[in-house]
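These notes concern the structure reproduced below.
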Amino acid sequence: MQNVLVTGGAGFIGSNFVRYLLNTEMQVRVINLDALTYAGSLENLQNLPGPARYEFVKGSILDRELVDEILQKFDIDTIVHFAAESHVDRSILGPQAFVQTNIVGTFTLLEAARQLWVHGGSGRSKRVRFHHVSTDEVFGSLDPDDPAFSETTPYAPNSPYAASKASSDHLVRAYAHTYGLPITITNCSNNYGPYQFPEKLIPLIILNALEGKPLPVYGDGQQVRDWLFVEDHCEAIRLVLQKGVEGETYNVGGGNQPANLEIVQTICDLVDELRPDASLEPRRNLITFVKDRPGHDRRYAMNIQKINHDLGWSPRFALADGLRNTVAWYLDNPGWIAAIRQQQEYQGWLDKNYNSR
Ligand code: NAD
Ligand code: DAU
């Protein structure tokens, strides 16, 4: 691994991964291709370590000419593909962008890699890898007593977002099977941590709690997610790149499965503790149950035995510590919050998603 193309590296996990990779001893060069949609921001990439080994290119994974040019110009040997539309609620209100970016965008990258590495032959003279970053949502929803998702659980995506990610996973797998493209896939559970865009549950609740706004909990709040601190996800991807077996998929998860309501209550208590304000406490009083997400998956859980056994990965951060770090990070970074919230698009999204709930 020498010249790594990260797609979507200005988003939440991508920017954490860029920072993580530049911080390792590996001395790799990182080229970040990001379209800077509403979800991507250069604010996430301030003060990177090793800036001489980092290059940003603004552009879309849908632009085949640009992708070809980047692969050749930077002699890319590793692609780590994060770029996507990632928010389930947005996919329900406007699925088209998800089909374009997540399916056609992944196809465009795969075609470029195939052309150069397989047909151009450059994949024979050096070790190359196409790593696809995917989600546990491709497996559908679990009942309370069902075993956790494993790598062999049949796909049953429920939302347009999940279906678009499932489609992209299938394309990646097919390119390995048919053309011999050297690929790996990780399917990961819900991430949380610094730089997450405040449309997602955890940062949205932190910011609303801070400002004394209502805390919207969908349905009965008893849905369950398998929360993982973002740095643990970055480490899992690095291990898969270094030690993962070509053609394999690996499930990644945190082993933390509290219900959404419990997560929201914990955040309220942390904000009360770290930013006391008698006029707002207890912030649990701000919790407001609102209309449920259509088709809302009830429960996710990941079986991580394979990556644990084969690659020695397990999460380092307990949920209590990761949540405390995350709340503290948002409280310590008002400049980042102000910059992210400046976008008109963000306020428009909040109105669209919450006003009619
Ligand atoms: P995000 O929405 O925060 O970031 C997505 C990034 O992709 C943004 O920077 C955006 O500008 C960029 N992008 C969008 N369309 C693009 C295009 N056409 N060309 C280039 N860049 C484009 O997403 P995230 O939460 O960081 O998720 C990253 C990846 O990880 C996604 O593929 C997602 O499906 C997957 N994933 C996310 C989670 C999670 O909990 N957030 C869990 C498992 C897997
Ligand atoms: O499971 C992995 C997935 O996790 C990723 O693939 C997605 O990219 C990522 O967005 C995330 O999807 P979720 O839908 O699980 O995340 P979100 O933060 O949107 O919601 C988490 C839970 O909280 C979910 O059950 C819906 C609920 N929720 C969410 C919001 C935004 C609320 O109750 N209220 C809210 O306002």
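The values are calculated or read from the model by the stated rules, or taken from the named source; none is laboratory data. Computed from a predicted structure; not experimentally measured. Cβ sites come from the backbone with ideal geometry, for glycine too, and all protein chains shown count toward neighbours.
In contact with a Cys (Cβ under 8 Å, 6 or more places away or on another chain) and either farther than 16 Å from residue 337 by Cα or small (Gly, Ala, Ser) (or both) - does that describe any residue in region 3-16? Reasoning before the result, please.
Within region 3-16, the subset in contact with a Cys (Cβ under 8 Å, 6 or more places away or on another chain) is 13, 16.
Of the ones still in play, those that are also either farther than 16 Å from residue 337 by Cα or small (Gly, Ala, Ser) (or both) are 13, 16.
Scanning region 3-16, I find at least one residue that is in contact with a Cys (Cβ under 8 Å, 6 or more places away or on another chain) and either farther than 16 Å from residue 337 by Cα or small (Gly, Ala, Ser) (or both), so the answer is yes.
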I need the full set of residues from region 21-57 which are of a type in the set (D, E, K, R) and closer than 26 Å to residue 200 by Cβ, in order please. 34, 43
Within region 104-133, restricting attention to residues that are surrounded by fewer than 23 Cβ atoms within 10 Å (Cβ to Cβ) and among the polar types (S, T, N, Q), which residue is nearest to ligand 1 (Cβ to nearest atom)? 108
Please enumerate the residues belonging to region 179-204 that are more than 11 Å from ligand 2 (Cβ to nearest atom) and under 14 Å from the mean Cα position of the chain (by Cα). 185, 186, 193, 194, 195
What's the number of the condition residue 208 fails, among (1) of a type in the set (S, T, N, Q); (2) away from ligand 1 (no atom under 16 Å from the Cβ); (3) over 30 Å from residue 345 (Cα atoms)? (3)
Within region 249-271, can you find the residues that are surrounded by fewer than 17 Cβ atoms within 10 Å (Cβ to Cβ) and either under 30 Å from residue 312 (Cβ atoms) or in contact with a Pro (Cβ under 6 Å, 6 or more places away or on another chain) (or both)? 258
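Tell me, which strands (runs of 3 or more DSSP E) lie completely within region 148-258 with 1 or more residues that are farther than 30 Å from residue 310 by Cα and modelled with pLDDT of 95 or more? It would help to see each step written out before you state the result.
Working: elements: 183-188, 215-218, 249-252.
Those strands (runs of 3 or more DSSP E) span 215-218.
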Single unsatisfied condition, residue 158 versus (1) farther than 24 Å from residue 258 by Cβ; (2) more than 16 Å from the chain's Cα centre (by Cα); (3) within 16 Å of ligand 1 (Cβ to nearest atom); (4) surrounded by fewer than 24 Cβ atoms within 10 Å (Cβ to Cβ): (1)
Going by the conditions given, is residue 264 among the hydrophobic types (A, V, I, L, M, F, W, C), within 15 Å of ligand 2 (Cβ to nearest atom) and in a helix (DSSP H, G or I)? yes
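Residue-by-condition table, conditions (1) touching a residue at least 24 places away in the same chain (Cβ under 8 Å); (2) surrounded by 23 or more Cβ atoms within 10 Å (Cβ to Cβ); (3) closer than 15 Å to residue 241 by Cβ; (4) of a type in the set (Asp, Glu):
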{"residue": "4", "(1), (2), (3), (4)": "yes, yes, yes, no"}
{"residue": "17", "(1), (2), (3), (4)": "yes, yes, yes, no"}
{"residue": "34", "(1), (2), (3), (4)": "yes, yes, no, yes"}
{"residue": "42", "(1), (2), (3), (4)": "yes, no, no, no"}
{"residue": "71", "(1), (2), (3), (4)": "yes, yes, no, no"}
{"residue": "83", "(1), (2), (3), (4)": "yes, yes, no, no"}
I need every pair where a residue in region 205-220 that is among the β-branched types (Val, Ile, Thr) has its Cβ under 8 Å from the Cβ of a residue that is within 16 Å of ligand 1 (Cβ to nearest atom) and in a loop (DSSP other than H, G, I, E, B), sequence separation at least 6 or different chains. 206/198
For residue 89, are the conditions met, namely being away from ligand 1 (no atom under 14 Å from the Cβ) and either basic (Lys, Arg) or at pLDDT 95 or above (or both)? no
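Any idea which residue in region 44-62 is farthest from ligand 2 (Cβ to nearest atom), counting only those that are assigned to a loop (DSSP other than H, G, I, E, B) and touching a residue at least 12 places away in the same chain (Cβ under 8 Å)? Spell out the reasoning first.
The initial filter retains those residues of region 44-62 that are assigned to a loop (DSSP other than H, G, I, E, B), namely 46-50, 59-62.
Still in the list and also touching a residue at least 12 places away in the same chain (Cβ under 8 Å): 48-50, 59-62.
Working: 48: 23, 49: 26, 50: 28, 59: 22, 60: 19, 61: 16, 62: 19 Å.
The qualifying residue farthest from ligand 2 (Cβ to nearest atom) is 50.
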Please go through region 5-31 and give me each residue that is more than 21 Å from residue 107 (Cβ to Cβ) and either of a type in the set (Gly, Ala, Ser) or in a strand (DSSP E or B) (or both), ordered by number. 10, 15, 29, 30
